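Participant: I have a structure here, written as structure tokens, and I will follow up with some questions on it.
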Amino acid sequence: MEKTFTFDRPDPCNAFIKICENITYGEGPLSGISVGIKDNISTSGIETTCGSHILQGYIPPYNAHVVTLLRSAGAAIVGKTNMDEFGMGTTTETSSFGPTKNPVDPTRAPGGSSGGSAAAVRSGLVRLALGTDTGGSVRCPASFCGIVGLKPTYGRVSRYGLIAYANSMEQIGPMAANVRDCALLYSVIAGYDPRDGTSVDKPAPAPVSPVIAGKKIGVPAEYFGEGVDPAVAETVTEAIEKLADLGAEIVPCTMPSMKYALAAYYVTSMSEASSNLGRYDGVRYGMAPEMVQPWHEAFSAIRRSGFGEEVRRRILLGSFALSAGYQGKYYAKAQAARQMVRDDFARLFAEVDIIAGPTMPTVAFRLGEAADPLSMYLADILTVPANLAGIPAISVPCGEAHDLPVGLQLMGRHFAEDEILSAALAYEEGSA
Ligand SMILES: NC(=O)C[C@H](N)C(=O)O
């Protein structure tokens, strides 16, 4: 039997782009549990904009696979959460629908691009939320808002119905106030889906219990290097000491490929984006242009007015990187660098079980502070390696710096979500 309720809570942080009028839910492991869904995940009958004017009014005719799974688990889908336009940003300020504020300190950004999902969880508007993580978009807002966020292994969660930004790296991931809730949502969304050609058939996730004793934890020096706020580094170092107190063995190590990771990520993601966003031309998707001009002028006009500045920048840079004559110089080099990151992780995971470091190099930015794109890109330095390699990574709150939340990042081997969730739980609950 379906039950219905209305949601009348205020949303002063602008966490949601849309709140559903009549919220229905059924029976199942998530029966009646409120869930927010990032606005780049298709919801049948519910407007889905990717935080962009160009998709305003678009109502998908079908549900993403994860939404179907949530509904059959009985979840109450409250609405669509705010995000950086098409996932392109680290603050949620590139949304066409205004920035989201960080519930911990409303003068600060919640991080991005899944900032609305993190703010909705942190302010208690929902218990669980889905985000997507291409280069840190689940973990960054989790870190800045003081909640838990997991980026699963590439292939573990179906991307069917996820509106693509950079297909080779993005994954849908669970966000929650604590590790057990995050694991609960993960257990519902993980699994094989033949409609996603990159989906991998693996057994269902095992229930998590706190396990850290005896685990080897690699700590790369580069994760505490240049650009990392010393106050953040200190908080995370204390968290790693706590893991040692719980019985983990700490193994100092290095990741030389880190110096190429950010460039590899941005060349790859912009190239993929320039191709994916070609479909928004006002005919196939997007506002219909006045077809009084020649078609190419009409298409340009609609794209110029429908996309925000950051999205236009990335389409242009991505098209340039892929253009004839430059591919070898940029795209091919980025793929070679990506392989070096994969090789570094493979070498490290032959010796350690988990790799730990800060999630973000700083605490939450002030709203407006990351206006220059390069400084915004730099903030992703510690999160993009996991996306380039396709490995799972979780951010778990580990205290404060400058009176703002700090996240501890734990990365695992491919499909070892259970291991990093168990370690995060041991950390959170202080038991091994
Ligand atoms: N989508 C993401 O994971 C966020 C990343 N900062 C980007 O702009 O690409």
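Here, each number is a calculation from the coordinates, and none is a lab measurement. Just so it is clear, the model here is predicted, and its values are computed rather than measured. Positions of Cβ are generated from backbone atoms using ideal geometry, with glycine treated the same way; all protein chains shown enter the neighbour counts.
Participant: Report, for the range 1-129, the % of DSSP beta bridges that are antiparallel, rounded to 5. Could you put the intermediate results ahead of the total?
Facilitator: Numbers: 8 of 15 bridges.
Close to 55 percent.
Participant: What is the set of long-range amide H partners of Gly173 at a cut-off below 5 Å, with H atoms built 1.01 Å from backbone N?
Facilitator: It is Gly131, Thr132, Asp133, by chain and number.
Participant: So, one more: Starting from the Cα gyration tensor of the range 59-127, take the square roots of the eigenvalues, sort them a ≥ b ≥ c, and report rounded, prolate or oblate (rounded when a/c is under 1.5, otherwise prolate if a/b is larger than b/c, else oblate). Provide the component values of the computation, followed by the final result.
Facilitator: Details: a/c = 2.86, a/b = 1.54, b/c = 1.86.
It comes out oblate by the Cα gyration axes.
Participant: What's the extension gain from Ser44 to Glu429 if we count 0.36 nm per residue and subtract their Cα-Cα distance? Write out the running numbers ahead of the final one.
Facilitator: Working: separation 385, 0.36 × 385 = 138.60 nm, distance 3.82 nm.
Computed gain between Ser44 and Glu429 is 134.8 nm.
Participant: Counting DSSP beta bridges with both partners in the chain, what percentage is antiparallel, nearest 5? Before the final figure, lay out each step's value.
Facilitator: Details: 34 of 50 bridges.
Percent antiparallel among DSSP bridges in the chain is about 70.
Participant: Here's another thing I want to ask about it. So what are the ³J(HN,Hα) numbers for the range 119-136, from phi and the Karplus equation (6.51, -1.76, 1.60; θ = phi - 60°), rounded to whole Hz, Gly and Pro as x?
Facilitator: Here the 3J(HN,Hα) series is 5, 5, 6, 4, 8, x, 5, 9, 8, 10, 8, 9, x, 10, 10, 9, x, x Hz.
Participant: For Lys259, go through the lysines and keep the ones whose alpha-carbon is under 24 Å away, minus same-chain ones fewer than eight residues off.
Facilitator: Output for Lys259: Lys151, Lys329, Lys333.
Participant: At what distance in nm do the modelled label points of Lys216 and Ser31 sit from each other, each positioned 7 Å from its Cα along Cα→Cβ?
Facilitator: Placing both labels 7 Å along Cα→Cβ, they lie 4.6 nm apart.
Participant: Would you mind classifying the range 133-267 by shape? Square roots of the alpha carbon gyration tensor eigenvalues, ordered a ≥ b ≥ c; an a/c under 1.5 is rounded, otherwise it is prolate if a/b is larger than b/c and oblate if not.
Facilitator: Details: a/c = 1.87, a/b = 1.32, b/c = 1.43.
It comes out oblate by the Cα gyration axes.
Participant: Using Cα positions and a limit of under 25 Å, work out the lysines in reach of Lys3, with same-chain residues fewer than 8 apart set aside.
Facilitator: Those lysines meeting the cut-off are Lys18, Lys38, Lys80.
Participant: Excluding Phe7 itself, calculate the net charge of residues whose Cβ lies under 14 Å from the Cβ of Phe7, where each Lys or Arg counts +1 and each Asp or Glu counts -1. Could the numbers behind the result be given before it?
Facilitator: Details: positive: Lys3, Arg9, Lys18, Lys80, Arg127; negative: Asp8, Asp11, Glu21.
The answer is +2.
Participant: Something else: What does the charge count near Tyr330 come to, summing +1 for each Lys or Arg and -1 for each Asp or Glu among other residues with Cβ under 14 Å from its Cβ?
Facilitator: Details: positive: Arg314, Lys329, Lys333, Arg338; negative: Glu272.
In short, +3.
Participant: D for the chain, whole µm²/s, Stokes-Einstein with Kirkwood Rh over alpha-carbon pairs at 10 °C and 1.306 mPa s: what number? Please report the intermediate quantities before stating the final value.
Facilitator: Numbers: Rh = 21.4 Å.
Rounded, D is 74 µm²/s.
Participant: Can you divide the C-alpha Rg of the range 113-201 by 2.2 N^0.38 Å and report the result to two decimal places? Let's see the in-between values first.
Facilitator: Numbers: Rg = 12.4 Å, N = 89, 2.2 N^0.38 = 12.1 Å.
Dividing the Cα radius of gyration by 2.2 N^0.38 Å gives 1.02.
Participant: Could you sort 137-149, 373-385, 198-210 so that the peptide with the highest average Cβ count within 10 Å comes first and the rest follow in order? If you can, show how the numbers build up before the last one.
Facilitator: Values: 137-149: 33.5, 373-385: 21.5, 198-210: 14.6.
Descending packing order for the listed peptides: 137-149, 373-385, 198-210.
Participant: Something else: For Cα pairs less than 8 Å apart in space and 6+ apart in sequence, what is the mean separation divided by the residue count of the chain, i.e. the relative contact order in percent?
Facilitator: 18 percent
Participant: For a footprinting-style exposure proxy, rank His65, His296, His414, His402 by other Cβ within 10 Å, fewest first. Please report the intermediate quantities before stating the final value.
Facilitator: Values: His65 25, His296 9, His414 18, His402 12.
Ranked by crowding around the Cβ, least crowded first: His296, His402, His414, His65.
Participant: Provide the per-residue ³J(HN,Hα) series for the range 59-72, in order, calculated from phi with Karplus coefficients 6.51, -1.76, 1.60 and θ = phi - 60°, each as a whole number of Hz, with x at glycine and proline positions.
Facilitator: Once rounded to whole Hz, the list reads 10, x, x, 8, 8, 4, 4, 5, 6, 4, 5, 4, 5, 6.
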